[in-house]
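Visitor: A single structure is presented below for examination.
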Amino acid sequence: MASKNYGAQKAGWSQADQRSYAIFYDQHKSAKFPQGRPWWAVVERAAEGAAMPGPVGELQPQGWDAPWLPNAEYVARSVGKSTPGSVMDTRHFRIDYNSMIADRKRALREYYDRAVLEAVGQGWEAPNYGDPISFRLRAIVGVPPQSPKIPEAALAEDPWILGFSNVENESLARLLAHGMEDIATAPQSEKKVDEMAELKAQIAALVERDRARDAESEAKAQAARDRMAKARSGKKTHAASAG
């Protein structure tokens, strides 16, 4: 039986030669990125006249950075879909935050269901949904799943989480670091210590200023008393001389 002939491919052909790079834009626009945040990806070379194909691998940020990026699956599933006007636009996409939020909420409910069952079984107080999980209970059920508040913030266009602002959203930073809003990150703790030290220094400076002001006032008052005493003494001496 004759084998298939693959010799028709020209010498030196490789799959890498059939690929190139393309830029895609998400829904988050800003003054710097009026089309949306740009992402780059490797794509197959399109045939002449054909629409640009979708990415071969994961999309990567192009010229920007953010404290958080959505899971690749929620990015990839949106690329190449039709726009609301039913016009195929392979370069623009919308990150599927709604699915991510729903998935994370479902994972949280399942996690707390397990935590309640384990706590009751151990004779411990059962946590309410959203309550912090004790370390002894966490040792059994594991760490909580990722918070839906992160994609909710991105959907609401929080500038810090999207990489548009350097002003940290402290609550979101705590969620990213620990999965809990009531535990400060290391930089936040250091900042708090620095702020306390600065506040103490300011208070000490104010106390010292008040002491100096009181000392100056006391010195002026004492000088006035001395002048008055000297004046009285002079009057008595003058009266004695006249007598």
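The values are calculated or read from the model by the stated rules, or taken from the named source; none is laboratory data. All values reported here derive from a predicted model rather than from experimental measurement. Please note: Cβ atoms are built from the backbone with ideal geometry, for glycine as well, and neighbour counts cover all protein chains shown.
Visitor: May I ask you to say which residue of PRO151, PRO144, PRO132 is under 30 Å from ASP26 (Cα atoms), in contact (Cβ under 8 Å) with a residue 12 or more places away in the chain and either in a loop (DSSP other than H, G, I, E, B) or of a type in the set (Val, Ile, Thr) (or both)?
Guide: Residue meeting the stated conditions: PRO144.
Visitor: Examine segment 170-180 for a residue that is farther than 13 Å from TRP68 by Cα, surrounded by 10 or more Cβ atoms within 10 Å (Cβ to Cβ) and either among the polar types (S, T, N, Q) or modelled with pLDDT under 70 (or both), and state whether such a residue exists.
Guide: Yes; the residues of segment 170-180 include at least one that is farther than 13 Å from TRP68 by Cα, surrounded by 10 or more Cβ atoms within 10 Å (Cβ to Cβ) and either among the polar types (S, T, N, Q) or modelled with pLDDT under 70 (or both).
Visitor: Of everything in segment 91-100 that's buried (at least 18 other Cβ atoms within 10 Å of the Cβ) and free of Cβ contacts under 8 Å to residues at least 60 places away in the same chain, which residue is nearest to ALA154 (Cα to Cα)?
Guide: Within segment 91-100, the match that is nearest to ALA154 (Cα to Cα) is TYR97.
Visitor: Looking at segment 96-122 only, could you name the residues that are part of a loop (DSSP other than H, G, I, E, B) and at pLDDT 95 or above?
Guide: Correct list: empty.
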